[in-house]
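S.K.: To start, I am sharing the structure in question, which I have written as structure tokens.
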Amino acid sequence: MSVSLTKGGNVSLSKQAPGLTAVTVGLGWQAGTGYELDASALLCDQSGKVLSEEHFVFFNNLTSPDGSVRHAGSGSPAGADDQQIHVDLTRVSAQVEKIAFPVSLYEGASRGQTFGQVHRAHIRVVDRDRGTELVRYDLAAGGLSSETALVFGELYRHGAEWKFRAVGQGYASGLAGIATDYGVDVLRETAPADPVPVTPPPVPPTVVSSPPPALAESPQSSGSSSVTCFFDPNHGPGMTTVTWSPQWGVPRPVQACGGCAQRLQTTAPPFYAPPQQGYPQATAPQGYPQQGYGQPYQDHHDHQQQGGGRRFGAGALIGAGAAGLIGGALLNEAFDDDEPDVVVNNYYED
């Protein structure tokens, strides 16, 4: 006769069926469409932990290492059971003290499914040799709510006997809770590891390179100017500062009108030949009819003038020397009429 147990009750199978060698543990339930329940078996030692990962029998590991426990799969077992697990008691390792039988809802938490929505769940033990039911435990659905995994019952040793206990322990954390209690690493849902801080690659220092020097442009003066064009006062005010390179001396800035400034910048130093308009050329015998300039150089015909330039006189050289344009040696050469005349292709200020 089958014994009906309530939660926490137990019965001696060896006394129920003397000479018992093998049993079938049947598990059943009623659930709606979309519910997937999986039964399993955990072979535990005296501490209550599984002997090894291989001693967790479930749909991905249907047989224990010693072959004593076999999962029948998820087919259609005989009778009122949804899944069955066969246990050969004579082959169970002496290290195994108990075999627990949990059932879990596949992806129950993510699907919003719990055992509070599962009805008529049961576990029973059948004598395989005789085919008779020895014990049955019907789980009360009213006491379940948020559980997604549930240990229905367990077989355990008591001296030389095998006994069965109705457990009915639920886990709201699903298989992760079972893993914690029974030490099944393969079932543990490890918490996501803290993200490893990603150190950004070092940013190379910003090298501010100086822009390449632009071509020198003459600064333009703004407004009116009282300084007349350096090259010809008749051109009007010298509004543009340009660098003038005389034949003798060092380059220096001068004020020039726009036309002279453009011509000076487009003529390679140190010579600057002003155009015919307003600028006496070498072919002009009258020299430079400009106030403050000397008369044309005509007394030494054996010295050829260059490009219509004006010969430096003593006063001119002294003025240029005072401005720092030439050295004393050049001054001596200018005083000596026996030396070749020095001709410059530019005008200068008085």
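S.K.: In the range 36-59, what count of residues is obtained for those that are surrounded by fewer than 13 Cβ atoms within 10 Å (Cβ to Cβ) and either among the hydrophobic types (A, V, I, L, M, F, W, C) or modelled with pLDDT under 90 (or both)?
M.R.: 0
S.K.: Does the range 157-164 include one or more residues that are open to solvent by 70 Å² or more (accessible area, probe 1.4 Å), closer than 24 Å to Thr180 by Cβ, small (Gly, Ala, Ser) and out of contact with any His (no Cβ under 7 Å at 6 or more places or on another chain)?
M.R.: Within the range 157-164, none of the residues are open to solvent by 70 Å² or more (accessible area, probe 1.4 Å), closer than 24 Å to Thr180 by Cβ, small (Gly, Ala, Ser) and out of contact with any His (no Cβ under 7 Å at 6 or more places or on another chain).
S.K.: Also, quick follow-up: Taking the condition closer than 21 Å to Ala22 by Cα, part of a strand (DSSP E or B), open to solvent by 10 Å² or more (accessible area, probe 1.4 Å) and of a type in the set (Lys, Arg), does Arg136 pass?
M.R.: For Arg136, the condition - closer than 21 Å to Ala22 by Cα, part of a strand (DSSP E or B), open to solvent by 10 Å² or more (accessible area, probe 1.4 Å) and of a type in the set (Lys, Arg) - is met.
S.K.: Can I ask one more? Every residue in the range 79-109 that is surrounded by fewer than 17 Cβ atoms within 10 Å (Cβ to Cβ) and closer than 19 Å to Leu144 by Cβ, please.
M.R.: Tyr106, Glu107, Ala109
S.K.: If you don't mind, another one. List pairs: first residue in the range 35-53 and free of Cβ contacts under 8 Å to residues at least 60 places away in the same chain and at negative phi, second residue open to solvent by less than 10 Å² (accessible area, probe 1.4 Å) and assigned to a strand (DSSP E or B) anywhere in the structure, Cβ distance under 9 angstrom, at least six positions apart or on different chains.
M.R.: Leu43/Phe56; Leu43/Val57; Leu43/Val69; Leu43/Ile99; Leu43/Ala100; Leu51/Leu43; Leu51/Cys44; Ser52/Leu43
S.K.: Checking Asp38 against (1) touching a Pro at 6+ places or on another chain (Cβ under 8 Å); (2) assigned to a strand (DSSP E or B), which single condition isn't satisfied?
M.R.: Exception for Asp38: condition (1).
S.K.: Tally up the residues in the range 51-76 that are farther than 12 Å from Ser93 by Cα and in a strand (DSSP E or B), please.
M.R.: Here is the first cut: in the range 51-76, the residues farther than 12 Å from Ser93 by Cα are 52-54, 56-63, 70-76.
Applying the additional criterion that residues be in a strand (DSSP E or B) yields 56-58, 61, 63, 70-71.
The qualifying residues number 7.
S.K.: Here is a follow-up. Here's a check for you: in the range 116-133, which residue that is touching a strand residue (DSSP E or B) at 6+ places or on another chain (Cβ under 6 Å) and part of a loop (DSSP other than H, G, I, E, B) is most open to solvent (accessible area, probe 1.4 Å)?
M.R.: Once the filter is applied, the top-ranked residue is Arg128.
The values are calculated or read from the model by the stated rules, or taken from the named source; none is laboratory data. Just so it is clear, the structure is predicted and the values come from calculations on it, not from any experiment. Counting neighbours? That spans all protein chains shown, and the Cβs are built from the backbone with ideal geometry, glycine included. The protein model used for the area step is the full one, side chains on, heavy atoms only, and it has no ligands, DNA or RNA in it. Shrake-Rupley method; radii C 1.70, N 1.55, O 1.52, S 1.80 Å.
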